[in-house]
Amino acid sequence: MIRTAISPRLAIRIFWSKGRPPIGGHIVTGMPDGSAKPGVGAHRFLDVRRFDSIDSTNRYLLDEARSGAPEGLVAVADSQEAGRGRLGRTWVAPPGSSLLVSVLLRPGAALPQSSSHLLTVALALAAADACAELAGVNPLLKWPNDLLVGDRKLAGILAEADAGPAGAGARAVVVGLGLNVAWPRELPDELKETATALNHAAGSRAVDRDELLDGILADLEARYAPLVGPAETTGTAEPAERVRERARRELASEYRRRCSTVGRAVRVELPDETFTGTAVDISEQGQLMVDVGTCLRAVTAGDVVHLRALS
């Protein structure tokens with residue numbers, strides 16, 4: 001059975017299908033005049049495939065990418081049977097409780113591999129801004145990919161890449177978001193001290209998952225487009241690569257300003273060691289720079305625990 005709905009903010013036609021793959025089709029009608037979010041305009045995230053249940057939206061889009069799917073494909077699910085988290089973990093959410101969405105990006109040579117972490121940053125900032133606008137909740141960003149309310153996790157983001165048969169020029173990056181929207185008041189025992197949801201933080205304010213999706217996709221387009229465009233000319237004497245480089249610097253700078261990990265005492269848990277220090281910066285490559293007293297250590301991956309609350 002297929003259900004169809006028109007997204008009121010972005011005029012996206014979404015086809016729901018039960019199970020995998022989508023039944024029938026997923027054609028989008030486009031964006032009529034005046035239906036776009038002011039200042040954003042038409043964007044690439046108009047082909048949305050929605051599932052009642054799926055194993056993983058990230059896995060689905062990686063498979064589609066290997067089959068040649070174009071940039072901008074979006075997968076959304078009410079529940080995931082094998083949702084993916086960082087470091088091989090699973091993402092657990094009751095059916096219908098969360099916004100579970102993945103997007104397919106093909107940045108190509110326009111975005112250097114060393115700046116690929118900015119794709120995760122762009123989605124994190126888009127999600128945080130949508131929560132602020134639509135729910136009145138201002139999440140903090142935690143390195144490398146979490147959204148927090150207080151010190152409780154509201155959302156997590158995972159990026160997975162596939163180089164493709166043609167190498168870096170055809171590389172695909174799937175960025176997935178799990179955002180807790182409407183959870184029961186009583187969380188499972190294992191999550192009571194570490195997790196939260198928008199309905200817990202927003203009080204009586206109702207939050208609609210489809211409106212959140214619309215807001216996130218529009219904001220993601222506004223942040224992603226400058227990273228990969230313009231293709232050739234900017235209409236000025238400034239080279240296109242210089243425009244993209246400036247966009248990378250500005251996005252990285254915004255993330256540093258809004259990342260609550262910077263300035264915090266942290267414990268870094270790696271597979272073979274654990275150490276403590278003060279997070280002082282984020283490098284151009286997205287590494288967390290931790291002052292351990294005798295030197296600065298660059299953390300590329302691992303668990304980072306905030307040790308004291310922000311003053």
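The table for this structure:
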{"read-out": "Normalised contact order of the stretch 262-311, rounded percent, pairs of Cα under 8 Å and 6 or more residues apart", "value": "39 percent"}
{"read-out": "Residues with amide H under 5 Å from that of Asp303, placed H, sequence gap 5 or more", "value": "Glu269"}
{"read-out": "Fraction in percent of alpha-carbon pairs per bin - 5 Å, the stretch 110-193", "value": "3, 13, 21, 19, 15, 11, 8, 5, 3, 1"}
{"read-out": "Loop GluC sites (Glu not before Pro), the stretch 178-284, which have at most 10 other Cβ atoms in a 10 Å radius of their Cβ (DSSP)", "value": "Glu186, Glu193, Glu232, Glu273"}
{"read-out": "Cα-only Debye scattering, the stretch 262-311: base-10 log of I(q)/I(0) at q = 0.18, 0.28, 0.31 Å⁻¹", "value": "-0.49, -1.14, -1.31"}
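Values in this text are rule-based calculations from the coordinates and carry no lab data. None of the values given here were measured: they were computed from a predicted structure. Glycine gets a Cβ as well: all are built from the backbone with ideal geometry, and neighbour counts include every protein chain shown.
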